[in-house]
Every structure is written in structure tokens, then in C-alpha cells.
Amino acid sequence: MALLLSYEPYSTFFFSIFCFVSVVLALKLLRRNKYNLPPSPPKLPIIGNLHQLGTLPHRSFRTLSDKYGPLMLLQLGQTPTLIVSSADVAREITKIHDVAFSNRPQITAAKIFFHGFMDVGFAPYGEEWRQKKKICVLELLSQKRVGSFHSIRQEEITELVDTIRDACASKRSSVNLKEMLFAASNNIVSRCVLGQKYDTPYGTTSIGVLARKTMKLLAAFSVGDFFPSLGWIDVLTGLISEVKSTSVALDAFFDEVIAQHKRSNKNDDKNDIKDFAGILLQLQEGGKLDFELTQVNLKALLMDMYVGGSDTTSTNLEWAFAELVKNPNTMKKVQQEVRRVVGKKSKVDENDVNEMNYLKCVIKETLRLHPPVPLLVPRETISSVKLKGYDIPPKTRVFMNAWAIQRDPELWDNPEEFLPERFEGNQVDVKGQDFQLIPFGIGRRQCPGISFGLASTEYILANLLYWFDWKLPKTGVLMQDLDMSEMNGLTVTKKIPLHLEPILYSFGSKP
């Protein structure tokens with residue numbers, strides 16, 4: 001080797017390589033010095049700050065932000081990542097730089113599941129995304145449309161109440177509330193989005209199980225998401241094959257749903273279409289859209305609505321019940337309100353829920369402490385931005401730590417305590433205009449399904465609090481010691497499923 005290097009052509013070649021690498025590194029250093037970047041924790045070679053992420057990234061990010069500030073730049077592998085942990089910064093992003101922060105990173109699993117980002121949630125910012133978002137807001141998730149699904153919610157919750165009543169009659173010590181809430185939420189979403197329940201196995205697995213698996217895989221660690229040049233490792237680990245096999249199963253399912261709707265629409269009154277699949281097919285056949293609504297578009301949009309709707313609702317409800325059991329005075333207060341408003345009627349009307357102000361406070365407080373998607377869906381900067389005096393480069397991934405913002409002691413008194421009373425007489429809402437409470441996101445990329453999700457959450461909670469009292473099973477665990485640890489995923493769920501003992505409340509008439 002020494003002889004080779006001493007040979008002039010080789011020494012000239014290696015000297016040229018050395019000079020080139022030196023120039024590249026110097027240019028990178030100059031470019032970094034040119035920008036006033038947000039503060040960053042020390043990082044390791046190659047992996048950057050990846051080693052500082054624990055099993056619950058929203059908690060790891062808050063710990064780092066406490067030291068380095070509410071606007072913090074991390075290097076996660078090869079990916080520059082901005083962490084926002086301040087309501088003030090979130091407000092400036094929305095009010096001044098919303099377009100610049102409106103793109104989505106090209107996440108590996110999402111690209112496969114949504115056919116190259118043909119949906120709304122993960123689609124890149126642009127005109128086609130705006131048209132699809134408009135369809136969701138005006139045609140699928142408007143207040144009028146959400147209201148039209150009242151009978152579906154009522155039927156599914158009646159079935160849930162009957163199932164729990166049967167458990168009481170059989171003197172079962174407890175029920176798995178996590179599974180029951182997921183089943184009810186899944187059935188509501190399935191009927192609203194697809195036109196019927198699909199709780200029976202489709203092929204070798206049920207659509208509900210596939211939806212849960214999809215949520216898990218969307219949050220799974222992908223080497224390619226942090227090291228684009230090493231994406232082949234995801235093939236070796238089996239992640240890509242697992243995502244693709246799940247996607248193929250979902251694809252076949254949605255193809256069949258669309259085919260069924262096309263067959264039934266030939267004989268049905270098209271003005272009486274009730275579910276999302278039928279509405280989208282009607283728009284497709286009408287030809288009045290500003291873009292082509294293809295079969296692939298249809299499947300991606302339906303998957304958005306289905307996968308995003310069931311897990312978030314059931315997760316929110318499980319956290320609500322866990323907090324209520326830990327706080328019996330709050331449980332008593334909200335049940336008194338529900339039973340006072342409903343009286344001794346044979347069923348809970350959705351109009352009754354509008355009068356349950358404290359129940360709404362309970363849901364807000366649950367969303368504050370336990371946002372289902374604590375880091376929201378990641379964004380990516382389209383262009384360079386000046387934010388709070390710092391330079392944010394283009395193609396920077398952005399996580400808004402809603403979980404940290406909603407527990408900020410500068411914004412909330414006793415932020416770690418479950419206190420629904422904080423919202424009594426308080427106009428702060430969850431719809432993205434109050435930046436200290438953003439469980440559904442903010443700005444252009446805010447979740448369009450807020451009304452849909454809240455309608456189901458409020459109605460399910462009101463019914464289960466009306467018909468039953470709830471307590472921990474006799475396992476020796478005290479209510480104050482109930483395990484509230486989290487399990488990470490696209491939605492952060494309760495790690496240990498909630499098992500509670502239902503006691504049928506006795507007051508005259510039964511439903």
C-alpha cells in the first residue's frame with residue numbers, strides 16, 4: 001500500500017479526494033455558521049440524538065426541552081428535527097408561517113399504506129391535497145353529516161350497554177373496557193365510513209385487527225425514515241414485508257367494499273347515500289371535482305377515515321374512565337350531572353349531551369392530560385423560515401409536542417392533576433384556536449374529524465356513566481395506585497388494559 005501511495009498517480013488521486021472532502025466539510029461548517037439554528041443537545045456521530053429517545057418520545061422530548069428550550073433542533077440520524085414544546089411558538093407557526101410548515105415527511109409505512117400519499121393525513125401540501133381536504137370538511141365530516149349519523153351511534157351504544165348489562169347479570173367480576181370501547185368505536189366508524197359493520201373475520205383476520213396493526217406499523221421505527229440511504233435495512237428486518245402484507249390485506253378489503261357499493265348504488269336512490277364510501281363514489285361519478293378521484297384515491301381516503309377514527313376515540317375513552325376511577329369525587333360529580341339531565345328516560349338523547357357541561361369538561365381534561373397522538377402527525381418545512389429569531393432550514397421534520405404544551409406549568413395550574421373544574425366557565429376549546437390545548441392539531445394540517453370524534457366520545461361516555469356505576473375489581477389494587485403507564489404507538493394507549501367492574505344503576509325504567 002505504501003508503494004502504491006508513493007506512486008505519483010495514486011498520491012495525486014488521494015490528495016484530490018482529501019481536498020474534495022475537506023471543501024465539502026468546510027462548506028457544511030460555513031453553512032451551519034451562517035444560520036442561527038435553534039439550540040441542540042450534544043449529539044453522537046452518525047446517529048445524532050437518536051440515543052436520547054426513550055420508548056415514549058413525547059416524554060423524552062419534554063425532558064430535553066426543559067434543558068434546551070421550547071424550540072429545539074435535534075439530529076435524528078440524517079434527519080434534522082425541530083421539536084416545538086411551546087404554545088407561543090405553535091401560535092407563531094400557525095399565524096405567520098403555516099404554509100411553510102404544512103408539508104409532511106415521506107414516512108416509509110405511510111407511503112405504502114396510502115399508495116404514495118394519496119390520502120389527506122400524510123399527503124404532501126399542494127393543490128390536490130387542498131381539494132381532498134375540502135371534500136373531507138364539506139362532504140364527509142361537516143356538522144350536518146356528523147348529525148346524520150345519530151341513529152348509528154345510538155344503535156351501537158345500545159348494543160354496548162346491553163353487552164355490559166349481560167355481564168352484570170352473569171355476575172362477572174369485571175369487563176375488559178379497553179376491548180369493549182374499541183369494538184363500539186370501531187363499529188360506529190365502520191358503519192359511517194363503509195356502510196356496515198365488519199367485525200367478523202375477513203380472510204384470516206378482522207378489519208379491526210388490521211386497523212390496529214396499521215396504527216402500530218405507522219409508528220414503528222423505520223431505519224429508512226432516519227437514514228434514507230440505509231432504507232434497505234428495513235427490508236432485512238422484515239418491516240417492509242409486514243407493512244406490505246398488511247397493506248395488501250387492507251387493499252383487498254377496500255376494493256371489495258367499493259365494489260359492493262357500486263353494485264348497490266345501481267338500485268339505490270343516490271340522494272339517500274349515508275356512508276363515506278357511497279358519498280365518495282357519488283362524487284367520482286359526478287365528475288365535478290377539480291382532480292381525478294381514482295380507485296387508489298378512494299381507498300386511501302377511506303383508510304384515512306377508518307384507521308384514524310376508531311383507535312383515537314376508544315383510547316380517549318379508556319383514559320377518561322381510568323382518570324374517573326382514580327378520582328371518585330369527579331366520577332360522582334359527572335354521574336350526578338348525567339343522571340340529572342337524562343332523568344328517568346329510557347335512553348340518552350344526543351341533545352341531552354349538549355346540556356352536560358361538566359361531562360364536556362371531563363373530556364377536555366382527558367384530552368389535555370392524554371392527547372391520543374401526543375406529538376401530532378409530523379410536519380416538514382417547505383422552505384427556510386425565521387422562527388423566534390432562529391433559522392429553520394427547509395426539509396426539517398417538525399414535531400409539535402402537544403403533550404408537553406398541555407402540561408406546561410406556565411399555562412396550567414397543577415398541570416399533572418386531573419381537574420375538569422379548570423374548564424368550568426373557561427372558553428378554552430380543543431378546536432385549534434387556543435394553542436395551550438391542541439390535541440387535534442392546528443392550522444392547515446389540523447385533523448378534520450374533530451366533530452365526528454367528539455360526538456362519539458361524548459355519547460358513549462354519557463351512556464356508560466348513566467347506566468352503570470364503575471369500580472376496580474377486587475384485586476387488591478387501590479384506585480390511587482391504578483397503573484397509568486403508557487404504550488407508544490401512533491396513538492399512545494394505556495399500557496395495561498383497563499378492567500372495571502360494572503354495577504347496573506337502579507332507577508325505575510330500563511332501556
Whole-Å semi-axes of the ellipsoid equivalent to segment 352-511 (Cα gyration tensor, √5λ, descending): 35, 19, 15
Convex hull (Cα only) mean projected area of segment 321-398, reported in nm² to one decimal: 8.4
Surface share of carbon and sulfur [accessible, 1.4 angstrom probe, percent] for the chain: 56
Accessible heavy-atom area order of Arg59, Arg339, highest first, probe of 1.4 Å: Arg59, Arg339
Global form of segment 454-493, assessed from the alpha-carbon gyration tensor, a/c cut-off 1.5: oblate
Computed over segment 279-365, the ratio Rg/Rh where both radii use C-alpha atoms and Rh is Kirkwood: 1.21
Tyr390 accessible area, 1.4 Å probe, all protein chains in place, Å² to nearest 10: 70
Mean shadow area of segment 95-185, taken as a quarter of the surface of its Cα convex hull (nm²): 9.6
Rounded to 5, the percent of DSSP beta bridges in the chain classed as antiparallel: 85
Simple label model, 7 Å out from Cα along Cβ direction - Glu155 to Arg130, nm: 3.9
Kirkwood Rh in Å, taken over segment 65-143 so that all alpha-carbon pairs contribute: 14.9
Leu138 - accessible surface, heavy atoms, 1.4 Å probe, Å² rounded to 10: 110
For peptides 403-414, 462-473, sequence by mean Cβ density within 10 Å, most packed first: 462-473, 403-414
Ellipsoid equivalent to segment 120-162 - semi-axes via the Cα gyration tensor, in Å: 31, 12, 4
Spherically averaged projected area in nm², based on the convex hull that wraps the Cα atoms of the chain: 29.8
Protection proxy ranking of 220-230, 93-103, 439-449 - average other beta-carbon atoms within 10 Å, highest first: 439-449, 93-103, 220-230
Two-decimal ratio, segment 231-326, of alpha-carbon radius of gyration to 2.2 N^0.38 Å: 1.47
Three semi-axes of the equivalent ellipsoid, segment 178-257, Cα gyration tensor, whole Å, largest first: 29, 14, 10
Probe 1.4 Å, protein heavy atoms only - accessible area per residue of the chain in square angstrom: 46
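The values are calculated or read from the model by the stated rules, or taken from the named source; none is laboratory data. Everything numeric here is computed off the predicted structure, so don't read it as measured data. Don't worry about glycine lacking a Cβ; one is built from the backbone with ideal geometry, like all the others, and counts go over all protein chains shown. Quick note on the areas: whole protein, heavy atoms, side chains included, nothing else; ligands and nucleic acids left out. Shrake-Rupley method; radii C 1.70, N 1.55, O 1.52, S 1.80 Å.
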